[in-house]
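Participant: Let me begin by handing over the structure; questions about it come next.
The values are calculated or read from the model by the stated rules, or taken from the named source; none is laboratory data. Not measured: the values here are computed from a predicted model. Cβ placement follows ideal geometry from the backbone for every residue including glycine, while neighbour counts extend to all protein chains displayed.
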């Protein structure tokens with residue numbers, strides 16, 4: 001018989017804040033974390049918009065060697081994981097006595113690679129690149145650092161699935177626990193925010209050009225949207241077997257009850273309403289619920305013209321006539337890329353615990369597709385019992401998660 005999977009701790013390090021309380025206030029107030037970074041224009045970008053993520057101060061928390069091994073996104077993940085473990089009561093003694101796994105979504109580590117390349121170009125001596133560079137530049141940089149620093153001895157790998165990476169990471173952690181292979185798994189996602197990792201996105205005109213009003217640039221579902229805004233940081237969740245959590249007196253924040261996935265096939269960058277629909281149907285079937293059971297949908301909607309249309313069509317087909325409120329927190333955060341699936345589950349748990357739905361800010365003029373949806377343009381105070389969260393990515397990868405109040 002499948003085991004139940006719960007969330008016993010969450011952590012966040014994002015452009016909305018670096019603590020649960022800060023992020024809760026930003027979500028409730030509909031506060032944007034997007035700024036203009038003029039250095040990007042000097043570098044050659046068309047768009048200088050980005051989420052503003054605070055740089056962690058690790059001195060005093062980690063020794064010099066540990067800090068040298070960490071990429072930018074691993075630093076974010078470390079800070080988010082500290083919060084999640086603290087809330088879960090998973091201290092050093094717990095982690096020594098219990099096998100804890102780690103599955104994180106991470107899809108690039110450009111900064112470390114480019115910095116190593118620059119040293120080689122200038123010095124022509126590989127030994128000057130630094131011993132830590134190899135651990136910063138590997139795609140598994142987040143997992144290897146977290147497992148080393150926190151002494152995690154369970155399942156240990158990264159998920160690389162574009163902007164659905166960390167949603168799939170949570171889904172896989174959920175499956176590991178449900179099938180009895182692990183009792184506790186740290187899951188999440190991390191995304192570097194430097195300019196090097198996303199220059200190729202700027203090259204294909206993915207980003208919004210609304211630079212005079214950064215806070216209004218990310219406009220999911222709005223008719224006047226002109227592209228996404230890149231962002232990042234890290235989100236961490238401690239997933240745990242329900243009986244295991246209850247036995248040790250853990251505070252249960254939410255239950256993960258459904259995971260759905262699909263592939264689009266077709267062109268590498270084209271979204272698909274059919275692929276989205278399959279992932280959502282599969283997640284609801286896994287959770288044993290109907291569309292009418294969903295209170296809130298945290299949409300993937302990134303503020304791109306075609307992507308938002310495909311998801312709007314899928315949402316309308318599945319939820320027409322239902323009461324579920326819909327918003328995209330990317331309207332405030334921008335697109336947090338590889339961390340987005342995990343951060344949006346954290347944001348949803350915060351809403352669930354505080355009985356509100358965060359607004360889809362900048363939703364001023366619906367298009368013909370979004371006009372059919374029940375989009376929350378303003379903060380709505382309501383009980384949130386069951387949440388569906390979508391994450392889709394290049395290559396046609398789709399992931400849907402469903403969580404509910406314990």
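Participant: Does residue 334 satisfy being touching a residue at least 40 places away in the same chain (Cβ under 8 Å) and out of contact with any helix residue (DSSP H, G or I) (no Cβ under 9 Å at 6 or more places or on another chain)?
Facilitator: yes
Participant: Is at least one residue of region 322-340 closer than 19 Å to residue 385 by Cβ and part of a helix (DSSP H, G or I)?
Facilitator: no
Participant: Any residue at all in region 118-125 that is within 26 Å of the chain's Cα centre (by Cα) and more than 22 Å from residue 345 (Cβ to Cβ)?
Facilitator: The answer is no, given that none of the residues of region 118-125 is within 26 Å of the chain's Cα centre (by Cα) and more than 22 Å from residue 345 (Cβ to Cβ).
Participant: Select from region 348-392 the residues that are in contact with a helix residue (DSSP H, G or I) (Cβ under 7 Å, 6 or more places away or on another chain) and in a strand (DSSP E or B) and list them in ascending order.
Facilitator: 356, 357, 386, 387, 388, 389, 390, 391, 392
Participant: Please verify whether residue 197 is under 30 Å from residue 97 (Cβ atoms) and touching a residue at least 12 places away in the same chain (Cβ under 8 Å), treating the condition exactly as stated.
Facilitator: Spelling it out, it is not the case that residue 197 is under 30 Å from residue 97 (Cβ atoms) and touching a residue at least 12 places away in the same chain (Cβ under 8 Å).
Participant: Now a separate question. Being over 24 Å from residue 199 (Cα atoms), surrounded by fewer than 24 Cβ atoms within 10 Å (Cβ to Cβ), touching a helix residue (DSSP H, G or I) at 6+ places or on another chain (Cβ under 6 Å) and touching a residue at least 24 places away in the same chain (Cβ under 8 Å) narrows it down to one of 69, 98, so name that one.
Facilitator: Just a single option satisfies the conditions, and that option is 69.
Participant: When you scan region 84-119, how many residues do you find that are modelled with pLDDT under 90 and in a helix (DSSP H, G or I)?
Facilitator: Final tally of qualifying residues: 10.
Participant: Further, regarding this structure: If you check residue 246 against the conditions, is it crowded, with 18+ Cβ neighbours inside 10 Å and not in a loop (DSSP other than H, G, I, E, B)?
Facilitator: No.
Participant: Exactly one condition in (1) free of Cβ contacts under 8 Å to residues at least 24 places away in the same chain; (2) surrounded by 16 or more Cβ atoms within 10 Å (Cβ to Cβ) is not met by residue 358; state its number.
Facilitator: (1)
Participant: Just for helices (runs of 4 or more DSSP H) wholly inside region 120-237: which have at least 1 residues that are at pLDDT below 95 and surrounded by fewer than 23 Cβ atoms within 10 Å (Cβ to Cβ)?
Facilitator: Counting at least 1 such residues, we get 133-137, 199-203.
Participant: Just wondering, is there one or more residues in region 253-273 that are within 16 Å of residue 387 (Cα to Cα), touching a residue at least 12 places away in the same chain (Cβ under 8 Å), assigned to a loop (DSSP other than H, G, I, E, B) and touching a helix residue (DSSP H, G or I) at 6+ places or on another chain (Cβ under 7 Å)?
Facilitator: yes
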